[in-house]
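Comments concern the structure below.
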Amino acid sequence: MAFFNSRNWLYATLDDGTPAYFVKEENNYIMKNIFILLLGTFIFNLPQNAFGQDSITIQDLEQFSHTFSIEADGFHGAGGEILSKAIANAHITMLGEDVGSKLEHQFTNALINELDQNNYKKMVMETGGGSGGLINKMAKNSKLTSQNIKALNQKYLLEKKGSIFVPILELRSVEAIQSIENANNRGWSFLSVGVEPWTSYKMLADDLYSNLLPKNKQTYQKLYEESIAFLDQQYEAINAHNSDEVLKLMSQIKAAECFNSFLDKMAICADNKATIKAIQESIEFWWMYGNKKYYEKNIWSAKQDKKKLAEDLKKNNFDFKKDKLFVKMYRKYLSKSMAVSGAYGVGNMLLEMANYHGNESLSIGVIRRFYEDGDAVKDSAQATDGFNKRYKELVSLGKKEEWVLVDLRPFIKEFYYGNYIQSDGLYKMFTRYDMLVIPKTDSKATANY
């Protein structure tokens with residue numbers, strides 16, 4: 001019930017907006033007594049609407065939490081059965097990963113096996129257009145192997161204050177490469193979305209030049225060498241990955257006549273145009289990052305991702321009614337609704353496209369609880385960082401010795417309506433993902449450089 005005063009009339013409306021009471025304010029005494037009567041009626045009914053609500057407990061959540069194991073022949077246990085059934089029913093499966101986890105890559109590898117059995121043959125990776133093209137070239141030439149990727153990483157890696165930066169972030173660990181090798185060996189094709197890291201520019205410049213015909217290589221050799229020398233100088237000057245340092249780098253790149261002329265001239269080869277566009281878009285992205293325009297950067301990049309994915313799916317004659325698609329990106333980009341970045345990204349787009357064509361999508365997020373840190377095992381449920389504090393109820397479902405699948409789909413049906421108090425973290429998680437996977441005690445992925 002709500003109250004408001006308009007032109008000396010007092011109105012009271014029910015929850016659905018229907019007028020319940022009204023009285024002309026001709027006498028303050030009458031006015032005050034009617035208001036007190038209505039207010040008392042409202043307060044009398046309040047407890048059954050507000051104070052009768054129950055908080056969602058760990059016990060409530062556990063009924064949607066199922067353990068499973070990963071064996072050579074697939075997923076096993078109650079959680080494995082639920083996951084396998086969901087994959088069989090879906091045309092689009094999305095895996096929102098964390099970063100640097102060994103076991104999440106083990107899960108990805110097993111997931112690819114399961115997807116392959118259900119006629120999945122296309123995989124979207126978060127690599128940027130130029131790096132994606134390079135991965136496809138390596139796959140075509142039978143060079144997409146752990147050993148070749150290690151050589152690539154060693155050639156182009158940067159070390160800054162103890163941190164190692166590789167040119168293609170998706171290929172920085174042995175376990176990550178193994179899952180991509182697995183898909184490649186099964187005859188899958190690869191698409192890409194995302195922004196090129198600034199660490200990739202020298203690698204991509206080499207790739208652009210290598211695609212030229214011999215006569216064009218001779219024509220642009222000096223410009224190429226000047227551009228590589230410029231990039232080496234700028235990579236030497238940058239001290240860390242932060243907004244101030246990246247702004248200095250982007251300022252130099254934007255002002256560099258040799259490098260921008262090099263990009264223009266490399267367009268003489270038609271196969272280079274996608275990589276040139278990827279580099280130029282990357283420069284704009286990191287320029288916004290350097291200028292601390294974080295929200296603008298997020299909205300812009302989400303639009304670019306959706307546009308590129310739509311174009312690539314069209315080029316590959318992807319049919320949303322019958323074809324299937326696997327997408328693997330960082331967790332926040334595959335939210336079914338508004339992502340933590342404030343944008344509606346690829347996850348939301350693919351959910352709607354699947355629904356429009358009468359098919360199911362499946363969005364899986366990976367979070368972790370227990371993990372090795374040196375000789376110690378740490379518990380993220382006890383952490384004080386923003387993520388683990390916000391999603392503590394869900395993080396707490398993880399187990400040291402077993403994989404856990406949290407099926408959020410029936411959870412929504414059970415708790416979305418009714419007298420239940422939902423924390424902000426719970427609400428956001430079940431509106432963003434269909435399932436959560438929590439590995440058993442995890443560890444860092446094995447560096448491949």
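The values are calculated or read from the model by the stated rules, or taken from the named source; none is laboratory data. Computed from a predicted model, the values in this text were never measured in an experiment. Cβ placement follows ideal geometry from the backbone for every residue including glycine, while neighbour counts extend to all protein chains displayed. Remember, those area values only see protein heavy atoms, side chains included, never the ligands or the DNA or RNA. Shrake-Rupley method; radii C 1.70, N 1.55, O 1.52, S 1.80 Å.
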**Report entry** Cα pair distances in the range 98-253, grouped into 10 Å bins until the bin that holds the longest one, percent each
**Finding:** 10, 34, 34, 17, 5, 0
Query raised in the report: Nearest 20 debye, what's the magnitude of the dipole of the range 65-164 about its Cα centre given +1 on Lys and Arg Cβ and -1 on Asp and Glu Cβ?
Result: 700 debye
Requested in this report: Enumerate by residue number the chymotrypsin sites (Phe, Trp or Tyr not before Pro) in the range 78-187 meeting two conditions: DSSP loop (anything except H, G, I, E, B), and at most 15 other Cβ atoms within 10 Å of the site's Cβ.
Outcome: none
Query raised in the report: Among Val404, Ile283, Gly77, whose Cα sits farthest toward the positive end of the charge dipole of the chain (+1 at Cβ of Lys/Arg, -1 at Cβ of Asp/Glu, about the Cα centre)?
Result: Ile283
Requested in this report: Only Lys, Arg, Asp and Glu count, each charged at its Cβ (+1, +1, -1, -1), so figure out the dipole size of the chain about its Cα centre, rounded to 20 debye.
Outcome: 1140 debye
Requested in this report: Consider just the alpha-carbon atoms of the chain and return their Rg together with their Dmax, both in angstrom.
Outcome: 27.1, 97
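Given a cut-off of under 8 Å on Cα pairs at least six residues apart, what relative contact order in percent is computed for the chain?
On the way: 702 pairs, mean separation 105.2, N = 449.
Computed over the chain, the figure is 23 percent.
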Query raised in the report: Ignoring ligands, DNA and RNA, what percent of the 1.4 Å accessible area of the range 132-276 is carbon and sulfur?
Result: 46 percent
Query raised in the report: Under the definition of Cα pairs under 8 Å and six or more residues apart, what whole-number percent is the relative contact order of the range 239-390?
Result: 15 percent
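Any idea of the accessible area per residue across the range 201-263, 1.4 Å probe, to the nearest Å²?
Numbers: 3130 Å² over 63 residues.
I get 50 Å² per residue for the range 201-263.
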**Report entry** Unit charges at the beta carbon, dipole of the range 183-227: most positive-side option, Leu204, Tyr220, Trp188
**Finding:** Trp188
Query raised in the report: Taking Cα centroids, how far is the range 78-131 from the range 363-382 in Å?
Result: 20 Å
Query raised in the report: Between the range 234-288 and the range 425-449, what's the alpha-carbon centroid distance in Å?
Result: 33 Å
Query raised in the report: Ignoring ligands, DNA and RNA, what percent of the 1.4 Å accessible area of the range 333-449 is carbon and sulfur?
Result: 46 percent
Query raised in the report: Of Tyr356, Ile56, Ser380, which is farthest along the charge dipole of the chain in the positive direction, counting Lys and Arg as +1 and Asp and Glu as -1 at C-beta?
Result: Tyr356
Requested in this report: Provide Rg over Rh for the range 198-305; use the alpha carbon set for both Rg and the Kirkwood Rh (inverse mean inverse pair distance).
Outcome: 0.99
Query - Spherically averaged projected area of the range 364-449 from its Cα convex hull (nm²) - result: 6.9 nm²
Requested in this report: Would you please name the GluC sites (Glu not before Pro) within the range 374-449 that are DSSP coil residues with at most 15 other C-beta atoms within 10 Å of their C-beta?
Outcome: Glu401
Query raised in the report: Accessible area per residue, 1.4 Å probe, Å², for the range 297-425: what's the number?
Result: 51 Å²
Query raised in the report: When only Cα pairs under 8 Å and 6 or more residues apart are kept, what is the percent relative contact order across the range 276-345?
Result: 35 percent
Report summary line: Of all trypsin sites (Lys or Arg not before Pro) in the range 350-419, the ones in DSSP coil with at most 16 other Cβ atoms within 10 Å are Lys399, Lys400
Query raised in the report: For Lys217 and Leu158, what does the FRET efficiency come to when R0 = 41 Å and r is the distance between their Cβ atoms, rounded to the nearest 0.05?
Result: 0.95
Query raised in the report: If you line up the long axis of helix 146-156 against the longest principal axis of the chain, both from Cα atoms, how many degrees apart are they, to the nearest 10?
Result: 80 degrees
Query - Net lengthening on full extension, Gln252/Ser443 (0.36 nm per residue, minus Cα-Cα) - result: 64.9 nm
